[in-house]
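Comments concern the structure below.
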Amino acid sequence: VQLQASGGGLVQAGESLRLSCAASGRPLSTYCMGWFRQAPGKDREFVASISWNGGSTIYADSVKGRFAISRDNAKNTVYLQMNSLKPEDTATYYCAAADDLISVTIATRPGYWGQGTQVTVSS
């Protein structure tokens, strides 16, 4: 499966963005999906994940209550709605696909990655 992330940009603190991850090559419904992020000089970290049918989600503590992951299998797309953005959310965001929900919470586990989209939050 090929993944294409989009939707990043430059926003001010407190504003919102919605990232999208479009899949091609295989039906997205085959996979559990996740979002990770990586800031300059830091390791890639888990942000959120969602099961193949959207029934289960997992969030990093740092984004709970502010971010929401969702998916539309008919459109082969996963979304990350980011509200109340903070400067510390600044990073390159990557979507990832794996066969199980736990594997899309661990940065070394997903077998498929999108190319990343930059999110910059100014104070």
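The values are calculated or read from the model by the stated rules, or taken from the named source; none is laboratory data. All values reported here derive from a predicted model rather than from experimental measurement. Here the Cβ is made from the backbone with ideal geometry for all residues, glycine too, and neighbour counts use every protein chain on show. Ligands, DNA and RNA are excluded from the accessible area calculation, which covers all protein heavy atoms including side chains. Shrake-Rupley method; radii C 1.70, N 1.55, O 1.52, S 1.80 Å.
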Report summary line: With the 1.4 Å probe rolled over protein heavy atoms, the range 47-123 has an accessible area per residue in Å² of 46
Query raised in the report: HN-Hα J couplings of the range 58-65 from phi, Karplus 6.51/-1.76/1.60, θ = phi - 60°, integer Hz, Gly and Pro as x?
Result: 9, 10, 5, 4, 5, 10, 4, x
Requested in this report: Wrap a convex hull around the Cα atoms of the chain, take a quarter of its surface area, and give that in square nanometres.
Outcome: 6.6
Report task. Please turn the phi angles of the range 75-88 into ³J(HN,Hα) values with the Karplus equation 6.51 cos²θ - 1.76 cosθ + 1.60 (θ = phi - 60°), one per residue in order, whole Hz, x for glycine and proline. Result -> 9, 6, 9, 10, 10, 10, 7, 10, 10, 6, 5, 10, x, 6
Query raised in the report: Which cross-chain or sequence-distant (5 or more) residues have an amide H under 5 Å from the amide H of Gly54, H modelled 1.01 Å from N in plane?
Result: none
Report summary line: FRET efficiency (Lys42, Val1; Cβ distance; R0 41 Å; to 0.05) is 0.95
Report summary line: Packing-ranked peptide list from 10-16, 62-68, 100-106, highest mean Cβ count within 10 angstrom first, is 100-106, 62-68, 10-16
Report task. Could you work out the relative contact order of the chain, using alpha carbon pairs under 8 angstrom and six or more residues apart, expressed as a whole percent? Result -> 36
Query raised in the report: Can you list the residues, at least 5 places off or on another chain, whose amide H is less than 5 Å from the amide H of Glu15, using H built in the peptide plane?
Result: Leu85
Query raised in the report: Which ³J(HN,Hα) values in Hz, rounded to whole numbers, follow from the phi angles of the range 20-36 under the Karplus curve 6.51 cos²θ - 1.76 cosθ + 1.60, where θ = phi - 60° and Gly and Pro get x?
Result: 10, 9, 9, 10, 9, x, 8, x, 4, 4, 6, 10, 7, 10, x, 10, 10
